[in-house]
1. Inside the range 1-82, counting only helices (runs of 4 or more DSSP H) that do not spill past its ends, which hold 1 or more residues that are small (Gly, Ala, Ser), under 16 Å from the mean Cα position of the chain (by Cα) and at pLDDT 75 or above?
2. So for the range 164-180 (the condition being under 29 Å from PHE30 (Cα atoms) and of a type in the set (Asp, Glu)), does at least one residue qualify?
3. Can you tell which of GLU159, GLU185 is of a type outside the set (Ser, Thr, Tyr), surrounded by 14 or more Cβ atoms within 10 Å (Cβ to Cβ) and either closer than 21 Å to ALA103 by Cα or out of contact with any strand residue (DSSP E or B) (no Cβ under 8 Å at 6 or more places or on another chain) (or both)?
4. When you check GLU90 against the structure, is it within 14 Å of PRO22 (Cα to Cα), of a type in the set (Asp, Glu) and either within 20 Å of the chain's Cα centre (by Cα) or modelled with pLDDT under 95 (or both), yes or no?
5. Please work out if GLY172 is free of Cβ contacts under 8 Å to residues at least 60 places away in the same chain, under 18 Å from GLY19 (Cβ atoms), loosely packed, with under 14 Cβ neighbours inside 10 Å and not aliphatic (A, V, I, L, M).
6. With respect to VAL139, is the statement that it is of a type in the set (Val, Ile, Thr) and modelled with pLDDT under 95 true?
Amino acid sequence: MKTAASVSATTVSQALTKGTCPICEILKDFQWTLSESTRPQADLLLCNFHVWALARSRGKLSRSTPGETVTGVFLELLKGPLIGKANSAECALCHKVLAEEVARLRELAQRFQSPIFAQWMTTQGSLCLDHAPKLKEFVPLRLRPCIDKIVERNRTELESELQVFREQLKHGVHQGGGILGRVAEFLVGQRGL
């Protein structure tokens with residue numbers, strides 16, 4: 001398996017331009033890149049999510065049908081001694097994602113040391129309800145209220161946009177449905193993290 005250091009990932013600066021939680025954005029990219037670069041092998045402990053992520057990622061790399069690629073991954077995982085399903089605490093890919101999460105939380109916390117950056121995040125930045133409290137663990141006490149302000153502004157903006165979308169739906173207008181994904185990410189973070 002390739003090491004985590006050899007897996008390319010989105011930078012904090014790139015993730016900030018997406019308008020969503022930068023940690024979620026980074027981890028989503030990291031996780032899928034990790035899945036694509038990991039070679040399936042029988043001694044690899046994987047959780048349910050990462051077994052399927054590994055099987056799906058192989059389909060992007062080959063010209064075979066999805067069923068053929070999933071079959072190929074599963075055959076590789078069946079060779080050798082059978083270990084069985086791992087929970088997220090045992091999963092090799094979950095460990096790498098968690099290590100990346102901590103490294104990027106530290107990187108983002110370091111950026112908060114700049115008053116200009118902290119002000120920008122307060123007025124423009126996004127954080128999900130999962131990563132905001134985790135980020136607080138890495139910033140000085142004086143910056144923790146800034147994170148609370150970011151979360152409250154995000155909540156207020158999302159609630160307002162969701163109200164507008166709900167009114168549009170009553171009139172048969174379905175444009176702007178991306179708000180549902182943004183609200184879900186805000187509430188629970190990126191799926192699979």
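1. It comes to 12-16, 22-37, 48-61.
2. The answer is no, given that none of the residues of the range 164-180 is under 29 Å from PHE30 (Cα atoms) and of a type in the set (Asp, Glu).
3. Answer to the check: GLU185.
4. Judged against the criteria, GLU90 is not a match.
5. In short, no.
6. So VAL139 does not fit the description; no.
The values are calculated or read from the model by the stated rules, or taken from the named source; none is laboratory data. Computed from a predicted model, the values in this text were never measured in an experiment. Every residue, glycine among them, receives a Cβ derived from its backbone with ideal geometry; neighbour counts consider all protein chains shown.
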